[in-house]
Structure formats: structure tokens, C-alpha cells
Amino acid sequence: MNAATPRGSGPTPPQPGPERAAARGSHAAAAQLLDDGREGDFVGGRDLTRWPSALGRALHAAAVRAQRWLAPHQVWALTLAVGLAVTAAATALAAAVYDAVVEGDGVTGLDQPALELAMAHRSAGLDTAVTAYTDVGGPVGMPVLAATTAVVLAIALRRWTPLTLVVTTMLGSLALTVAGKASIGRARPPLADAVPPYEHSFSFPSGHTLNATAFAGVVAYLLLRRLRAAWARRLTVVVAVLFALTMGLSRIFLGHHWFTDVLAAWVLGLAWLGVVITGHRLYLTLRRRHHPAATGGPTGRAHA
């Protein structure tokens with residue numbers, strides 16, 4: 001015999017199944033890694049979860065359609081995967097363009113004068129200083145700089161987002177560097193025209209420049225979303241641009257890369273940075289659609 005139901009009690013609500021509980025857990029974990037609060041959705045007065053341009057509206061609409069089958073963090077991952085593939089395809093296209101330039105004697109007409117200009121301004125002291133600086137963007141210096149910066153920002157902001165975005169950005173830029181060098185196989189400038197210590201890997205694109213551009217850009221993005229003073233935001237942009245620019249120029253000065261290696265690296269670094277930032281903005285936009293309670297923040301700005 002069934003026990004009598006106590007008066008005033010209704011039917012027991014259905015309990016979430018293991019699949020739903022797991023989904024909620026993955027959403028919560030993604031939020032910890034990618035969402036650092038509504039106060040981080042603004043750069044100055046601009047709401048990053050709004051898409052006023054035609055291209056932005058198209059991307060937003062595509063993300064909303066994808067959300068019928070995917071969670072916001074899965075849309076973010078898909079955006080990165082597609083963007084990385086497109087950027088890698090751009091690297092292959094750059095290789096084809098480079099081949100055409102070489103056939104037209106373009107290297108002699110563009111890269112050789114840049115190398116000769118650099119050689120004319122070298123000196124013992126300047127060579128040492130530039131070598132020390134370029135090592136910051138090298139295979140040892142850049143991982144240390146990126147990891148240290150990500151940890152410091154994560155501790156300062158008490159969020160995991162800096163770690164997630166910096167690590168994602170640097171892994172993608174490393175993949176593009178490796179793929180580009182392997183697929184193109186361009187030789188570096190002659191060792192006789194370079195400053196030691198010499199480098200022997202392939203030349204195109206410049207890994208130092210690509211990684212520095214992506215790193216400086218993602219750190220600037222993280223800071224711009226938190227800085228309230230206009231002068232601080234402008235200073236952040238200037239420092240980021242100077243770091244990427246001077247890192248590339250240091251590679252030409254030392255004779256470790258041709259000018260076109262550096263130019264392509266700047267373009268590829270900016271392209272990959274655009275993918276990372278767009279993917280993160282789309283994630284935040286989709287998350288706000290289903291979590292409107294997360295729209296408040298210490299700045300008091302409303303989700304208008």
C-alpha cells in the first residue's frame with residue numbers, strides 16, 4: 001500500500017538527469033574560464049556584446065543559429081577552430097604570393113634594401129642591445145613573458161579569463177608559425193649578413209614577430225576592458241603597438257629575417273588576434289542572452 005501524501009505537499013519536481021547535470025557543470029566551468037563579469041564587457045563607452053556593423057550582425061546571427069545546437073563555450077571553440085583554419089589558409093596564400101614575388105625579383109627589390117639599411121646602422125653596442133631585446137620574443141623569453149603576464153593578470157583580476165585567453169592566443173600563434181615555416185620553407189638571409197648567434201630554422205613567417213603581435217594584442221584587449229581612464233587605454237594601445245613593431249624591426253636589423261617575413265607575421269598575428277577577440281565577444285554575447293542576471297557590475301552600467 002502506498003503511503004499517504006502529506007497534506008500541503010505537491011508532487012515532487014523532476015530531478016535533473018545526469019546529462020543535464022553534466023551540461024550545467026560544463027557551462028559553469030566555461031563561465032569560470034571565459035566570463036569575468038559584465039564590467040568587462042565595455043571598452044570606454046562601447047559595449048562589446050553589441051554588434052552595430054553589418055559584418056558584426058552577420059557573425060552574431062550565425063552564432064545565435066549555432067547556439068541552437070551548441071552551448072556558448074562550444075560556439076567559442078568552433079569560432080577559434082574555423083578562424084585558425086582560415087588564418088592558416090591565409091598563410092598558404094601568402095606563400096603563393098611570395099613565390100610570385102620571388103619570380104619577379106621582388107626579394108631583391110624589397111627585402112635586400114631593407115637588410116642593407118639595417119647593416120649600415122649596426123654597431124657593437126647596438127647589436128648587443130637589440131639581441132637582448134629580441135630574445136624577449138624568442139622560444140624561451142616569450143613563453144616566460146606570456147605565462148608571467150597571464151598569471152599576474154589572473155591574480156590581479158581574480159579571474160581565470162586572462163589565463164584562458166593568453167594561453168589560447170599563444171598556442172594558436174605557435175601553430176601558425178610552425179605551419180607557415182613548414183609549408184613555405186624559405187631560407188633566412190645569408191649568415192654573413194646576420195648578427196650572431198645565428199638561427200637556422202626556416203624564415204617565413206617571423207615567429208618572434210607573430211607571437212609578439214598576438215601576445216601584445218590579447219594583453220591589450222584584457223586591459224582595455226578594465227581600464228576606465230581614456231589616457232590609460234591610449235597608453236596601453238601605444239605600448240602594445242610599439243612592442244609588436246619593434247620586435248619585428250629587431251629581426252630585420254639583426255639579419256635574422258627578411259622584411260617580408262616580418263610583414264607577413266604582423267598581418268597573420270593581427271588576423272589571429274581578431275579571431276580570438278571575436279570568439280570571446282561572441283561567447284559573452286551568447287552568455288548574456290541566457291544569463292541576464294549577470295549583467296550587473298561594479299561600474300553600474302546597464303545592459304541597454
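Could you check how many residues of region 173-206 are surrounded by 23 or more Cβ atoms within 10 Å (Cβ to Cβ) and either over 14 Å from residue 252 (Cβ atoms) or in contact with a Cys (Cβ under 7 Å, 6 or more places away or on another chain) (or both)?
Summing the residues that are surrounded by 23 or more Cβ atoms within 10 Å (Cβ to Cβ) and either over 14 Å from residue 252 (Cβ atoms) or in contact with a Cys (Cβ under 7 Å, 6 or more places away or on another chain) (or both) in region 173-206 gives 4.
Could you list, in sequence order, all residues of region 123-143 that are among the hydrophobic types (A, V, I, L, M, F, W, C) and either within 17 Å of the chain's Cα centre (by Cα) or surrounded by fewer than 14 Cβ atoms within 10 Å (Cβ to Cβ) (or both)?
Residues satisfying the conditions are 124, 126, 129, 132, 140, 142.
Looking at 235, 210, 242, 268 in this structure, which one is under 20 Å from residue 134 (Cβ atoms), of a type in the set (A, V, I, L, M, F, W, C), free of Cβ contacts under 8 Å to residues at least 12 places away in the same chain and part of a helix (DSSP H, G or I)?
The unique qualifying residue is 242.
Those residues that are in contact (Cβ under 8 Å) with a residue 12 or more places away in the chain and surrounded by fewer than 19 Cβ atoms within 10 Å (Cβ to Cβ), I need them from region 163-172; list them, please.
Within region 163-172, 163, 167 meet the criteria.
Test residue 172 against the criterion of being outside any helix (DSSP H, G or I) and either of a type outside the set (A, V, I, L, M) or touching a Pro at 6+ places or on another chain (Cβ under 8 Å) (or both), and give yes or no.
Here the answer is no, as residue 172 does not meet what is asked.
Test each condition in (1) surrounded by 18 or more Cβ atoms within 10 Å (Cβ to Cβ); (2) assigned to a loop (DSSP other than H, G, I, E, B); (3) without any contact (Cβ under 8 Å) to a residue 40 or more places away in the chain for residue 227 and report the one that comes out false.
With (1) surrounded by 18 or more Cβ atoms within 10 Å (Cβ to Cβ); (2) assigned to a loop (DSSP other than H, G, I, E, B); (3) without any contact (Cβ under 8 Å) to a residue 40 or more places away in the chain applied to residue 227, the lone miss is (1).
Answer yes or no as to whether residue 136 is closer than 19 Å to residue 244 by Cα and out of contact with any Asp or Glu (no Cβ under 9 Å at 6 or more places or on another chain).
Yes.
Please state which of the following conditions residue 204 fails to meet, knowing it meets all the rest: (1) part of a loop (DSSP other than H, G, I, E, B); (2) over 22 Å from residue 84 (Cβ atoms).
(2)
So which residues in region 144-162 are surrounded by 14 or more Cβ atoms within 10 Å (Cβ to Cβ) and free of Cβ contacts under 8 Å to residues at least 40 places away in the same chain?
Selection gives 147, 150, 154.
Where a number appears in this text, it was derived from the coordinates with a stated rule and is not lab data. Here the structure is a predicted model, which means the values were calculated and not measured. Positions of Cβ are generated from backbone atoms using ideal geometry, with glycine treated the same way; all protein chains shown enter the neighbour counts.
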